[in-house]
Amino acid sequence: MNPSHTLAEAKQKIEHYCAYQERCHKEVVQKLKQMGMIPAAIDQIMAELIAENYLNELRFAQSFARGKFRIKSWGKNRIKRELKARDISDYCIKSGLAEIDQEDYLSCFHRLAEKKAASLSQLPLTQQKKKLADFLFYRGWESHLVFEKLSELPLETPEN
């Protein structure tokens, strides 16, 4: 694939891409490859984007953690897993997770668990617990929270 963009055109396009929303380095490199840029050009553009603060992995991790928690109600395990998949450093991941207020985190967890438990009330008790646990683990909530919740929720068997 021959480059269809000059260095300046590619850089301008990528600046808009980064300005639209926070991006991680991996996403930007992938986008540049899709644009047909050669490795040397990718390295040069990446260096300039970082120098001009279009790209900042710490800022990305913080924004990602806040957004996925607030909008999708993800737990810290899921957020951490998704950030690792984007090759974000452990330092940035830790900093991103620190953006989540512990009180908000726990109240979100309880609200989510109780809403899901209510939707399962027609199932047998063992199925209710399994489905609730699977749902919360998939969303990335910590096992100690999930097991604590399973033991305290008034999961009733349906009346026959």
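Condition check ((1) in contact with a Cys (Cβ under 7 Å, 6 or more places away or on another chain); (2) surrounded by fewer than 17 Cβ atoms within 10 Å (Cβ to Cβ); (3) part of a helix (DSSP H, G or I)) across all residues:
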| residue | (1), (2), (3) |
| --- | --- |
| LEU55 | yes, no, no |
| PHE60 | yes, no, yes |
| SER63 | no, yes, yes |
| GLY67 | no, yes, yes |
| TRP74 | no, no, no |
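Of the set (1) assigned to a loop (DSSP other than H, G, I, E, B); (2) in the same structural domain as HIS16 (by TED's automatic domain parsing); (3) of a type outside the set (Asp, Glu), all apply to ALA47 but (1).
Residues of the range 121-146 that are in contact (Cβ under 8 Å) with a residue 24 or more places away in the chain, farther than 22 Å from LYS68 by Cα and either outside any helix (DSSP H, G or I) or not polar (S, T, N, Q) (or both): SER121, GLN122, LEU123, PRO124, LEU125, LYS129. Looking across the range 76-119 at every residue that is within 12 Å of the chain's Cα centre (by Cα) and not in a helix (DSSP H, G or I), the one that is surrounded by the most Cβ atoms within 10 Å (Cβ to Cβ) is identified as ILE88.
When the range 79-96 is filtered for residues that are free of Cβ contacts under 8 Å to residues at least 40 places away in the same chain and over 13 Å from GLY140 (Cα atoms), the ones remaining, listed by number, are LYS84, ALA85, SER89, ASP90, TYR91, CYS92, ILE93, LYS94, SER95, GLY96.
The values are calculated or read from the model by the stated rules, or taken from the named source; none is laboratory data. Because the structure is predicted, anything quoted here is derived from the model rather than measured. Backbone-built Cβ (ideal geometry, glycine too); neighbour counts: all protein chains shown.
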